[in-house]
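Input: a single structure, listed below in structure tokens.
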Amino acid sequence: MSKSIDVELKQVRKTFGSNVVVDNFSLQIREGECVSFLGPSGCGKTTTLNMIAGFLEPDSGEIWIKGKRMNGVPSNKRELGMVFQTYSLFPHMTVAENVAYGLKLRKVPKAEIKRRVSKVLELVKLPHVADRYPKQLSGGQRQRIAIARALVIEPSLLLLDEPLSNLDAKLREELREEIKRLHLETGVTTIFVTHDQEEALYLSDRIVVMSSGKVEQIGTPLEIYNQPATEFVHTFIGKSNKLPAAVESAADGVLTLRAAAGFTMKAPDRGRSLPAGSAVNAYVRPEKLRLAAPGADAGEANSVPGRVRQLSFLGAFAECEVEAGSARLTVRVQTAGEHARLSPGDPVTLIWEPEDVFVFSGEGRTA
Amino acid sequence: MTASRKVWRALRNALLLLAPALVVLLVAFIIPMLYMFLLSLQDPNGQLSLGNYLRLFRDPYYLGILWRTVKLSLYTVLACLVFGYPVAMFMARSSGRVRGIVTFLIIAPHLISVVIRNFGWVVILGEKGWINSLLMNLGVIDRPLKLLYNELGVVIGLTDAYIVYMVLALATSLYAIDTSLYKAAGILGASSVRKFFSITLPLSLPGILAGSTLVFSLSMSAYVTPALMGGTAVKMLPVITYENIMITLNWPLGAALAFLLLGSTYALVTLFTKLVETRRYKEVFSG
């Protein structure tokens, strides 16, 4: 049962002067999917969204929504819902009037407007604020109303432009859950723009990681996390320890790397066939490093002796900084575990599996 | 004890700081006003009487002039709104540099005396002025249009004099509108016209109110422009007030005219403000 393609971008390109902001962007979004555009500011994600919304026209390439070519179609004719970072509620209208705005423009009969407005306010769990003005609401409430205003017109596509960036951490998490729930309940095809990798991983069916106007990788959150296509993707998503190294030998898909920090490790070459002698950047994530007693047997795994430098408590877990050779590696440890009681200067052994090492040729950009 | 002493000290400091301004206001404004008011209540024999005011309200000549003054001031407000709004919108959408240039351009003419600017209009609008010669030469008209020494001339002159206040007041409230509101309205399906009437216009109400109040009060009390561009045919309240005090030397009647002007301006501005400041307006724009 394959769902139909709702949105298609074909080799979309946009330049401002001599600056290429979005280059060769192609993407297909299936009906009901939630796709995030993720990247640092200036990566072109917002420009791409603005082209889909119709606020900007691409220099070349095509944008299709629900089987209709959108190039040249003004934004007020695209039947989209959009939520902005700054809420953008009309300050001179009550909540009910804000939500009804799009319906009035569509000449929906009054009784039906009333019914649909109260239904959508129920959906965002704010039925009691209909007669208030936006400035009488909290930031989180305002954003919920903005979402309601976008959803009530039953848009063919919902665009969310950094909707959580203006909220504090606690509210952001709450609203993130809310958006996920609304997406599941309404099933509306959604594009979510964010610079926050956690939001993207949490909300999306697929993520488009972008940097400097280029698509680095398109994949499910799991693929993006576990099979990063580029060094940029690996470093932008989550924390990782960087170890510049040289390939000592390559055999049977296993690389032996000599880290500049002064130790060797094994890593899979993942079909990249890097020749011996080439300079690479190897990465290991903090949660993939294990601490063991000095001299512990690592078996087939990589291991290196080290010394604890400092321990930072972060709630459910702690980060332990370990000096190994000339490198300093961050290790994530459970707060409840024995390792949380280590103190600076304690000798330890670091152990990690070869398949947890990511090797990149060292020419790509990092985040 | 200490609290009340603190209040006292704050009050004393405030009074000390205000004293110079209060003295100037008292000597140059309040005392003359009181004097004028007493003057307006005197009959020709110096007796206390309401005669001057009764005369103003009974004589159709004065009532006619009051009506004309109000009417032409309203026309001026409308003309300033119609011609000023596009300029203010342009300013609100421009970059800081362009905005600075436009602000300078609309303020620059005011560096020249209003008398000279009005004579400039005489050159442009007169029977042998530029507009009439151009239209006659093009064959559009065969007799010169009467653009001066009538109500139209006064409204043109007042609009030129006061439109800058309207533009600056409107521009200030237009800057304050978050431009993402236009995007939001657009994506919900609003056309440009719809955006203007549903977003721009209602959110610029404070600017419209401030600009209109300013232009209206200034037009009501304008002397030079009505005198020069209306001539003897289009007399307005400030002009006949001046005539009574300086030419016929009927100071009591002149003073009564001045208070009629003050009272009617104040009443109309208050009425207008009350009409605009609905409950919703206060809800949206206060605080």
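No lab work stands behind these numbers, since they all come straight from the coordinates. None of these values were measured; they are calculated from a predicted model. Cβ placement follows ideal geometry from the backbone for every residue including glycine, while neighbour counts extend to all protein chains displayed.
Legend: mean number of C-beta atoms from other chains within 10 angstrom of residue C-beta atoms, peptide A:151-159, equals 1. One compactness figure for the protein assembly as shown is 1.43, namely its Cα radius of gyration divided by 2.2 N^0.38 Å.
Specify, per residue and in Å³, the volume enclosed by the convex hull of the alpha carbon atoms belonging to the stretch A:224-313.
That works out to 122 Å³ per residue.
A DSSP coil position with no more than 13 other Cβ atoms inside 10 Å describes the following GluC sites (Glu not before Pro) in the stretch A:276-337: A:Glu300. Each Cα pair under 8 Å and six or more residues apart adds its separation to the average, and for the stretch B:39-157 the resulting relative contact order is 16 percent. Sorted ascending by nearby beta carbons within 10 Å, beginning with the fewest, A:Ser273, B:Ser133 become A:Ser273, B:Ser133. Membrane-span-like helices in chain B, defined here as complete DSSP H runs extending at least 27 Å along the helix axis by their C-alpha atoms with mean Kyte-Doolittle hydropathy no lower than -0.5, are B:2-25, B:60-93, B:151-175, B:251-276; this is a sequence and geometry rule, not a statement about a membrane. Give the whole-number value, in cubic angstrom per residue, of the convex hull volume spanned by the C-alpha atoms of chain A. Per residue, the Cα convex hull of chain A comes to 178 Å³. Note on A:Leu184 and A:Ala292: the model spin-label points, each 7 Å out from Cα along the C-beta direction, lie 4.0 nm apart. Here the residues B:Lys235, A:Lys110, ranked from fewest to most Cβ neighbours within 10 Å of their Cβ, fall in the order A:Lys110, B:Lys235.
Explain nothing, just the number: dipole magnitude of chain B about its Cα centre with +1 on each Lys and Arg Cβ and -1 on each Asp and Glu Cβ, in debye rounded to the nearest 20.
Working: 23 positive and 10 negative charges, 205 e Å.
Roughly 980 debye, rounded to the nearest 20.
Quick check: the distance between the Cα centres of the stretch B:59-95 and the stretch A:248-323, to the nearest angstrom? Here the answer is 78 Å between Cα centres. The charge dipole of the stretch A:40-118, taken about its Cα centre with unit charges on the Cβ of Lys, Arg, Asp and Glu (plus for the first two, minus for the last two), comes to roughly 520 debye.
Would you calculate the volume per residue, in Å³, of the smallest convex hull containing every Cα atom of the stretch A:114-220? Walk me through the intermediate numbers first.
Values: hull volume 12.2 nm³, N = 107.
Spelled out: Cα convex hull of the stretch A:114-220, divided by residues, is 114 Å³.
For the residue pairs A:Lys68/A:Lys119; A:Lys66/A:Lys104; A:Lys239/A:Lys288; A:Lys104/A:Lys125; A:Lys214/A:Lys242, the alpha carbons lie more than 18 Å apart in A:Lys68/A:Lys119; A:Lys66/A:Lys104; A:Lys104/A:Lys125; A:Lys214/A:Lys242.
Note on B:Ile116/A:Ser4: beta-carbon distance plugged into 1/(1 + (r/R0)^6) with R0 of 60 Å gives a FRET efficiency of 0.25. Annotation: Cα Rg of the stretch A:1-83 relative to the compact-globule expectation 2.2 N^0.38 Å equals 1.08.
Note the direction-averaged projected area, equal to a quarter of the hull surface, for the Cα convex hull of the stretch B:20-145, in nm². All intermediate terms of the calculation are to be shown ahead of the outcome.
Details: hull surface 60.1 nm².
For the stretch B:20-145, averaging the hull's shadow over all directions gives 15.0 nm².
From helices alone, chain A scores -7000 deg cm²/dmol at 222 nm; the rule is -39500 (n - 2.57) for each run of n ≥ 4 DSSP H residues, then divide by the residue total. Mean separation of Cα pairs under 8 Å and 6 or more residues apart, divided by the residue count, gives chain B a relative contact order of 25 percent. Compactness of the stretch B:236-287 is given as radius of gyration and Dmax, 17.3, 52 Å, from Cα positions. Computed as a quarter of the hull surface, the mean projected area of the alpha carbon convex hull for the stretch A:210-364 stands at 9.9 nm².
In terms of overall dimensions, chain B has a Cα radius of gyration and Dmax of 23.8, 86 angstrom. With the simple spin-label model, which puts each label point 7 Å out from Cα in the Cβ direction, the A:Glu112 to B:Arg58 separation comes to 6.8 nm. Farthest towards the positive end of the charge dipole of the stretch A:261-323, among the residues A:Ala298, A:Tyr283, A:Gly271, is the Cα of A:Gly271, using unit charges on the Cβ of Lys, Arg, Asp and Glu.
Neighbour counts of C-beta atoms inside 10 Å place A:Lys104, A:Lys14, A:Lys170 in the sequence A:Lys170, A:Lys104, A:Lys14, starting with the fewest.
So for the stretch A:48-204, Kirkwood radius off the Cα pairs, Stokes-Einstein at 37 °C and 0.692 mPa s: how many µm² s⁻¹? Kindly include the intermediate steps, with their values, before the conclusion.
Values: Rh = 16.2 Å.
For the chosen part, D equals 203 µm²/s.
Its Cα centre serving as origin, the stretch A:274-367 has a Cβ charge dipole (Lys and Arg +1, Asp and Glu -1) of approximately 300 debye.
Per the Debye calculation on the stretch B:72-234 with a single equal scatterer at every Cα and no solvent contribution, log₁₀ I(q)/I(0) for q = 0.13, 0.14 Å⁻¹ amounts to -0.72, -0.81. Of all DSSP beta bridges confined to chain A, the antiparallel ones make up roughly 80%.
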